[in-house]
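K.L.:
Got a structure here, written out as structure tokens. Questions coming.
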Amino acid sequence: MKKIYLLFLFLFPVILLHAQEKTLYVIKLADKGNSRYSIAKPTAFLSAKSIERRLRQNIPIDEADLPVNPDYMEEISREGAEIIYSSKWLNTLIVRVNNQSILTRLVAKPFIKSIYSNDRLFDKKQGNKSFFEKEYISESFVTNSHYKNSSSPNSLNYGASSNQISMIALNSMHDLGYLGSGMTIAVIDAGFRSANTMAAFENLRNNNAIKGTRDFVLPGNNVYQNNISTHGTYVLSIMGGWLPGQLIGTAPNADYWLLRSEDANSEYLMEEYYWVSAAEFADSVGADIINSSLGYTTFDNPADNHTYADMDGNTTVITRGADWAASRGILVVSSAGNSGNSSWKYISAPADGDSVLTVGAVNAQGIYASFSSTGPTYDGRIKPDVTAQGAGCVVATIPEGIANGDGTSFSSPIIAGAAACLWQANPSYSAQEILNALKQSASLASKPNNQLGWGIPDVMKASGQLMAIIVQESDPFESLNAYPIPLTQDQLMVSLDMGKPKNIDIRIFNAFGKEIYLRNNIQVQSGKNLIALKQMEPLLKGIYMLQVSDGYHVRTLKLIK
């Protein structure tokens, strides 16, 4: 475990002692203070889609969503420190300090809670190993050929990718029309070389489904360029690829953000912070799911290595970031790691997160792949959560065609894409409910273990279980509409088609999840009902959620003022 010096105010002499030796400091801020940002105006720092995701899951916007206080950052900069990183969830800055006097002035700031000196955040040894030799991603490509078109009993011609799809019953979900439409997946990875030109992603490009890219390692960098890793390209193809007769992804109709947080040429602590920034960005643009086929255990400098004790769900920076993302209503899907055959053998960070859906690997026959990292976590929780094909998995190659590869990096996007389809089919559920449904539908749900977790999911079974939770009787709601939208006055007309007479409650929630209007025990008849909501308090500009419930079933509708 890396040694970190905690430099609180009462350890001031220690700070002075190291000021000349250390130049990088991790600053933990005490609060967000009297920030110019306010949770009352979330559209200043969150997209409408991000706010809507929270509203659907009744997750209030809170102080953690606020950016780091700009006034604090400006004051730190004025003292001569160079800010090179900030995280709103961790409420943390990383600064470069070149002399003792600057550090002395920083220590006196009342809004600085602690300072950790760590000059190894960028401790890189360039070129010491290639990306695919890292223990947590050891994919080996054994073919690079065009498969002949093969017949398929389903409406989609999956070709060689049929097995990894049908193993989790996703072909049946696809046949029902659930291909990930309306869902947004953020792919946090090492690079997406040639994904902007490959044939496998022509369908995504034609439908404007790649919503954007960002490089957190080298801001402003092109994530598609030739000197960037292809790892994210392969991962993306498993979800978004479209080569009928060869490869069809698990969520070919979803939208994607391509985010680079990993430097493929080295392994250093700063990459975990980059990952957290990528996750914060994914949250802000409204991603529903994060796929992370990355994991961290050892670094180029052995002094920084994590220990098994760090795999407790609360210790590493990246795991804490993953749990923050999950707390915002994002389904975080992480590869377990490829250390099953090594002396480490355990899952890596952030796969140890208690709110993370961790995915291990099996072969084409559904048998445990020996390279797949195992649990338990250090605090005794079973990991992985589920498994999917990761040995002999089919991916797209540059510039066209397909190949086979091995690794939990490939089983993870199989499940991430499947989760998008499952969530599309069951949109009223939370991310954690989707996670639990996948686990409970899996082949070992009654007796999970630390090689396969709860086993291989069945997404059709998971969907049926979700429907059974609510459909204790037939859903009486046939349609819900409201007008005018956008709201132009403080009165709303609600149009509701009912299959049977009912008593219902109508609620309106603001962007923080606070109930601002309630009208209960409204009698409605079968057929069309028109309900006027009057005597409403004046609504400020923003996003709201209308909720109609009969006690068992719930329908929601986004409102904009």
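The values are calculated or read from the model by the stated rules, or taken from the named source; none is laboratory data. Note that the structure is a prediction, hence the values are computed from the model and not measured. A quick note on method: Cβ atoms are made from the backbone with ideal geometry, for glycine too, and the neighbour counts reach across all protein chains shown.
K.L.:
Got a number for residues in the range 306-337 being part of a strand (DSSP E or B) and of a type in the set (A, V, I, L, M)?
P.N.:
Residues flagged as part of a strand (DSSP E or B) and of a type in the set (A, V, I, L, M) within the range 306-337 amount to 3.
K.L.:
Next question. Report, by residue number, each residue of the range 439-461 that is more than 15 Å from Met173 (Cβ to Cβ) and part of a helix (DSSP H, G or I).
P.N.:
Hits for the range 439-461 are Lys439, Gln440.
K.L.:
Just one of Ile51, Ile84 is surrounded by 13 or more Cβ atoms within 10 Å (Cβ to Cβ), over 27 Å from Leu269 (Cα atoms) and either at pLDDT below 90 or of a type in the set (A, V, I, L, M) (or both); which is it?
P.N.:
Answer to the check: Ile51.
K.L.:
When you go through Ile102, Ile61 one by one, which is the residue that is outside any loop (DSSP other than H, G, I, E, B) and either at pLDDT 95 or above or not charged (D, E, K, R) (or both)? Let's see the steps before the verdict.
P.N.:
Working: Ile61 fails: outside any loop (DSSP other than H, G, I, E, B).
The unique qualifying residue is Ile102.
K.L.:
Of the numbered conditions (1) in a loop (DSSP other than H, G, I, E, B); (2) surrounded by fewer than 17 Cβ atoms within 10 Å (Cβ to Cβ), Glu74 fails exactly one; give the number of that condition.
P.N.:
Just one mismatch for Glu74, condition (1).
K.L.:
Now for a separate question. How about the range 193-202: which of its residues are closer than 13 Å to Gly240 by Cα and surrounded by 20 or more Cβ atoms within 10 Å (Cβ to Cβ)?
P.N.:
Answer for the range 193-202, where residues must be closer than 13 Å to Gly240 by Cα and surrounded by 20 or more Cβ atoms within 10 Å (Cβ to Cβ): Ala195, Met198, Ala200, Phe201.
K.L.:
Follow-up. Only residues that are part of a strand (DSSP E or B), within 18 Å of Ile398 (Cβ to Cβ) and more than 20 Å from the chain's Cα centre (by Cα): list them for the range 240-273, please.
P.N.:
Passing the criteria: Trp242, Leu243, Leu247.
K.L.:
Collect the residues in the range 515-559 that are modelled with pLDDT of 80 or more and among the aromatic types (Phe, Trp, Tyr), keeping them in residue-number order.
P.N.:
Within the range 515-559, Tyr517, Tyr544 qualify.
K.L.:
Right, Gly182: part of a loop (DSSP other than H, G, I, E, B) and surrounded by fewer than 23 Cβ atoms within 10 Å (Cβ to Cβ) or not?
P.N.:
yes
K.L.:
For the range 338-381, which residues satisfy the criterion of being assigned to a loop (DSSP other than H, G, I, E, B), under 18 Å from the mean Cα position of the chain (by Cα) and closer than 20 Å to Ser166 by Cα?
P.N.:
If the condition is that a residue be assigned to a loop (DSSP other than H, G, I, E, B), under 18 Å from the mean Cα position of the chain (by Cα) and closer than 20 Å to Ser166 by Cα, then no residue fits.
K.L.:
Hey, can you tell me all the residues within the range 203-221 that are surrounded by fewer than 18 Cβ atoms within 10 Å (Cβ to Cβ) and not in a helix (DSSP H, G or I)?
P.N.:
Within the range 203-221, Asn207, Asn208, Lys211, Gly212, Leu218, Pro219, Gly220, Asn221 qualify.
K.L.:
Consider only pairs whose beta carbons are under 6 Å apart and that are at least six residues apart or on different chains; among these, list those whose first residue lies in the range 361-375 and is within 19 Å of Pro413 (Cβ to Cβ) and in contact (Cβ under 8 Å) with a residue 60 or more places away in the chain and whose second residue is among the polar types (S, T, N, Q) and assigned to a loop (DSSP other than H, G, I, E, B).
P.N.:
Pairs that qualify, where the first residue is within 19 Å of Pro413 (Cβ to Cβ) and in contact (Cβ under 8 Å) with a residue 60 or more places away in the chain and the partner is among the polar types (S, T, N, Q) and assigned to a loop (DSSP other than H, G, I, E, B), are Phe371/Asn338; Phe371/Asn341; Ser373/Ser339.
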